[in-house]
Amino acid sequence: MTTAPTGLRERKKAKTRAALREHAMRLIEEQGFAATTVEQIAEAAEVSPSTFFRYFPTKEDAVLVDDVDAVLVEAIRAQPAGMAPIEAILRSIREVFGNLSPREWEFERRRQVLILGVPELRMRMMHQMTDAIDLMAGVIAERAGLPADDFSARVTAGAAVGAMLAVLPAGGAPAEGVTPDDYRRLEQALTLLQQGLPLG
């Protein structure tokens, strides 16, 4: 879910970016990750390989980039002042994912099937979790009026991201991909975290 660009140039760039992502995912679904090249993706989107690299540093990034992250951070930032960090994250997840259109859910489902099912993508995704912690820690610290590198904000962000990792399907992607039920499980995980992680 992204904010719609307003200017003609921005709309054209957004259209090209979306086309590159769609063709990258389609080609990887059809012929596998290793067999899909940047040149094939660019050709399918009717642009040059150099244009591809202006949008994405690598082939993996065309799938891995998560457009929801920035929206989620803004939703956390917009929660009422004084709200506990985990509650702010929980409410923001409900708002953001509750407003995804069926088309956006389908795109996310396909994306997660690829990420969890392709070892190269899954490994890169795991490495990117430190970036997710940095992003979330920054907004948690900002809301509390703390320095961006505050230790308590980073630990809180790490616990929240850990809860997100815990609900990922084990052993690869399920056939149906990620569904709204998986995000409900994420809500449950964050609620457990909020309650001090009671067992049972």
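Observations on the model:
- Degrees between helix 102-117 axis and first principal axis of the chain (Cα, 0 to 90, nearest 10): 90 degrees
- Percent carbon-and-sulfur accessible area, the chain, ignoring ligands, DNA and RNA, probe 1.4 Å: 57 percent
- Placing a label point 7 Å from the Cα of Gln194 along the Cα-to-Cβ line, the residues of the stretch 80-104 whose backbone N sits under 16 Å from it are 80-98.
- Fraction of alpha-carbon pairs over 20 Å apart in the chain - percent: 61 percent
- Modelled spin labels at Ala159 and Glu187, positioned 7 Å past Cα toward Cβ, are 2.1 nm from each other.
- Mean ellipticity per residue at 222 nm, deg cm²/dmol - from DSSP H runs of n ≥ 4 across the chain, formula -39500 (n - 2.57): -21500 deg cm²/dmol
- Descending by average beta-carbon neighbour count within 10 Å, the peptides 101-110, 8-17 line up as 101-110, 8-17, the highest first.
- Other residues with beta-carbon under 13 Å from the beta-carbon of Asp66 carry, at +1 per Lys or Arg and -1 per Asp or Glu, a net charge of -4.
- Here the simple spin-label model places points 7 Å from the Cα toward Cβ, and for Asp61 and Gln128 these points are separated by 1.1 nm.
- Summing charges over all other residues whose Cβ lies under 14 Å from the Cβ of Phe56, with Lys and Arg as +1 and Asp and Glu as -1, gives +1.
- C-alpha long axis of helix 68-77 to longest principal axis of the chain, angle in °: 30 degrees
- FRET efficiency, Glu22 to Ala81 (Cβ-Cβ, R0 35 Å, nearest 0.05): 0.30
- In the chain, the longest principal axis of the Cα atoms and the axis of helix 8-31 are about 80 degrees apart.
- Label positions at Glu43 and Leu8, each projected 7 Å from the Cα along the C-beta direction, are separated by 3.2 nm.
- Neighbourhood charge, 12 Å Cβ-Cβ cut-off, centred on Ser92 and excluding it, Lys, Arg +1 and Asp, Glu -1: -1
The values are calculated or read from the model by the stated rules, or taken from the named source; none is laboratory data. None of these values were measured; they are calculated from a predicted model. For neighbour counting, all protein chains shown are included, and Cβ atoms are generated from backbone atoms with ideal geometry for every residue, glycine included. SASA here: full protein model, heavy atoms, side chains in, ligands and nucleic acids out. Shrake-Rupley method; radii C 1.70, N 1.55, O 1.52, S 1.80 Å.
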